[in-house]
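Quick note: the coordinates plus some simple rules give every number you see, no bench work behind them. All of these numbers come straight from a predicted model, not from anything done at the bench. A quick note on method: Cβ atoms are made from the backbone with ideal geometry, for glycine too, and the neighbour counts reach across all protein chains shown.
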Amino acid sequence: MFPSSSSPIVYGLTLFLPLFLLFLLAPQFLPLRYNRQPSLISPQDELDDLRLFNLAISRATATSRGGSPKISHLGTVNPKPKIAFLFLTNSDLIFAPLWQRFFESSSTVGLFNVYIHADPSTPISTPEWSVKANFIPAKTTARASPTLISAARRLLANAIIDDPFNLYFALVSQHCIPLHSFKFVYTSLFGKPSSASKAFLTQRSHTSYIEILSDARYLHKRYTARGFGVMLPEVPFEKFRVGSQFFVLAKRHALLVLKERKLWKKFKLPCLYSDSCFPEEHYFPTLLSMEDPKGSSHFTLMRVNWTDSVNGHPHTYHPPEISPELIHTLRKSASSYSYLFARKFSPDCLKPLMEIAKDVIFRD
Ligand SMILES: *[C@@H]1O[C@H](CO)[C@@H](O)[C@H](O)[C@H]1NC(C)=O
């Protein structure tokens with residue numbers, strides 16, 4: 001017999017125990033996608049990144065004003081602005097031979113650098129390039145997580161530290177290909193190497209080429225992927241943007257991205273809903289549209305085919321689709337500019353692409 005005074009406790013227990021058990025077990029009955037992902041960014045990783053970004057910022061401010069390096073009449077002879085190609089990959093660079101031809105397609109010496117962030121969890125073979133490929137200290141990346149933002153920022157930071165004449169930063173993946181010659185790409189960004197590059201170095205407000213959209217399907221779902229109200233107050237929904245993961249940033253914007261702390265605090269949070277979690281497609285467009293809306297083109301130079309996209313993946317081109325006509329079609333935009341790069345291509349497209357490289361892709 002229970003003493004009568006404890007009866008309410010017993011009743012209370014019998015009432016709350018099932019509720020408590022339900023609370024405890026509920027996550028196991030709910031679909032997996034509702035479980036908050038574990039954070040893939042450890043405090044140590046965060047600290048390493050902060051140190052790296054701060055180093056890049058201090059180097060840049062030591063050598064420049066307004067993003068461009070000072071033109072020294074003593075040290076550098078005839079300085080030319082460079083493009084830093086940032087390869088973000090978690091597999092071999094399957095199109096390395098095509099990129100090799102791209103880099104060698106004209107007199108490109110001293111006009112570019114290459115940096116690679118290769119996910120350390122998969123072994124990657126060094127591309128057989130005559131160009132120097134700088135493998136930067138990399139960390140694990142995963143889809144539907146803020147690790148892709150971190151990797152892109154690491155690439156920007158390393159490129160800024162490595163060479164003060166890196167003034168444009170083109171982020172690409174292993175599935176991307178060039179659609180034009182190097183000379184065409186360089187001239188599109190800087191003007192002719194002979195004459196206009198000096199003018200470029202003395203300018204301050206270079207445009208970044210990044211897609212920034214305020215109206216897209218599922219935008220609200222993506223906004224609430226970390227939970228309701230979580231992005232507030234730093235990122236109200238009206239300021240939330242979407243755009244392509246791959247971009248060409250001017251140095252001043254690369255620095256802006258490395259200095260940024262406020263939005264990152266929110267974007268680095270793991271998602272509750274992994275099927276609407278694409279932080280890397282939101283962080284950069286949202287940040288740039290908040291901080292410098294007129295400084296970006298709002299369009300991307302990377303052609304992607306979203307027709308019939310499956311599971312957040314764009315259309316992947318296969319060998320039968322590769323033709324000179326395809327390259328010409330992919331270059332064309334709805335506006336006056338030409339796309340410079342394209343994705344996504346299956347690895348077996350390398351052969352047919354190499355066959356039309358000289359006569360089609362690198363012929364402008
Ligand atoms: C885009 O992909 C669809 C299939 O998903 C294809 O039918 C179409 O031809 C592609 N468009 C271009 C311009 O390549």
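Kindly identify region 153-193 as rounded, prolate or oblate by the Cα gyration tensor criterion: order the square roots of the eigenvalues as a ≥ b ≥ c, call it rounded if a/c is under 1.5, otherwise compare a/b with b/c, prolate if a/b is larger, else oblate. It comes out oblate by the Cα gyration axes. Ranked by the mean number of other Cβ atoms within 10 Å of their residues, highest first, the peptides 251-264, 217-230 come out as 251-264, 217-230.
Ranking S105, W129, A151 by how far each Cα lies toward the positive end of the dipole of region 77-156 (charges on Cβ) leaves A151 at the top. The order of D308, D49, D163, going from fewest to most other C-beta atoms within 10 Å of their C-beta, is D308, D163, D49. Comparing H318, L288, P352 along the charge dipole axis of region 227-364, the residue lying farthest to the positive side is L288, per the Cβ-charge model. Listed by chain and number, the lysines whose alpha-carbon sits under 24 Å from that of K221, ignoring those within fewer than 8 places in the same chain, are K239, K262, K265, K266, K268. In whole Å, what is the distance between the alpha-carbon centres of region 225-280 and region 301-364? Each part's Cα centre sits 28 Å from the other's.
Ignoring lysines fewer than eight residues from K132 along the same chain, the ones with Cα atoms less than 21 angstrom from its Cα are K80, K82, K183. If you put +1 on each Lys and Arg Cβ and -1 on each Asp and Glu Cβ, how big is the dipole of region 272-338 around its Cα centre, in Debye rounded to 20? Using only the charged Cβ atoms, the result is roughly 300 debye.
For region 124-277, the fraction of alpha-carbon pairs lying more than 19 Å apart is 63 percent, rounded to a whole number. Under 5 Å between amide hydrogens, built in the peptide plane, is the criterion, and for S244 it picks out E211 among residues at least 5 positions away or on other chains. Shape descriptor for region 225-334: Rg over Rh equals 1.03 (Cα atoms; Rh from the Kirkwood inverse mean 1/r).
For the peptides 321-333, 284-296, the ranking by packing is 284-296, 321-333, with the highest mean count of neighbouring Cβ atoms within 10 Å listed first.
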